[in-house]
Amino acid sequence: MKSLFCATLAAMLLAGCGDDSTSASPSPASDTSDTSGTVGDTSASEDTDEVSEEIEERTAPTAWSDAVEIVSFVGEMTVSGDTLGGPAPGGLWGYQSSAGCWLLPEATFFGGPARLFAPSPVPGQNTKLTVTLSPGSEVDLNLVVLTMPLDEFWVPPEVELSSCYSSRVGGPGEPEEKKIFTITDVANVLVMVVAPEDSEGGPFELSFLLEN
């Protein structure tokens, strides 16, 4: 009887140990495939090494600067001026995509001091504006006519233009001329009389003729 009791007790103890060993849940293994930026994720450190490039947006001026002379006329008008001592924005601005005035090798023809003029009122629809530059004797000057939206007043070298027209065909003392046709898109107009690079330029007359 004692042997049977001992055998039964041993069997009960073994069964109890087996239940304890199977009832405990195993600890879950770490998931090293997690890409949320914790275990094994290097994307966060890579992002800190990247330098973001911000494109600065230029804000259009809302009025002409003091460098621009307003020319008020109806029909036609002639003004006199002198590039000596005028602002010299250089010629590289006209090569930029925001201007499109000339090719890079031509920039030197427009790199000297300049005088700026804005006709008022602006040419209306279905009009033709003829701008004629007459330099003084032996004075070599060139002509640039810029157009831009009515609410923008860009002055070189900072420009965002609708169109750009330039003339440098004449030699010293010879005139330059450009014609601007306005069909539907009325725009601000800026006229630039400019000397070549390494030249002070000199006196000139500038004529405006507006025709329907």
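Where a number appears in this text, it was derived from the coordinates with a stated rule and is not lab data. On a predicted model such as this, the values are computed, not experimentally measured, just so you know. We place every Cβ from the backbone using ideal geometry, glycine too, and count neighbours over all the protein chains shown.
Here are some notes:
- A simple spin-label model places pseudo-atoms 7 Å from Cα toward Cβ; at ASP185 and VAL122 they are separated by 1.1 nm.
- Residues whose placed amide H lies under 5 Å from that of SER162, excluding near-sequence neighbours: THR147, MET148
- Segment THR108-ALA63, extension gain: residue separation times 0.36 nm, minus the distance between their alpha carbons: 13.4 nm
- Calculated diffusion of region 68-211, Stokes-Einstein form, Kirkwood radius summed over Cα pairs, 20 °C and 1.002 mPa s, µm²/s: 144
- For region 88-100, 3J(HN,Hα) computed residue by residue from phi via the Karplus equation (6.51, -1.76, 1.60; θ = phi - 60°) reads 10, x, x, x, 5, 4, x, 8, 5, 5, 6, 10, x Hz, glycine and proline entered as x.
- LEU150/GLU174 FRET efficiency (R0 45 Å; Cβ-Cβ; nearest 0.05): 0.85
- Amide H contacts of VAL71: ALA118, SER120, each under 5 Å away and 5 or more positions distant or on a separate chain (H built 1.01 Å from N in the peptide plane; Pro and chain starts excluded).
- For ASP140, distant residues with modelled amide H under 5 Å away: GLY173
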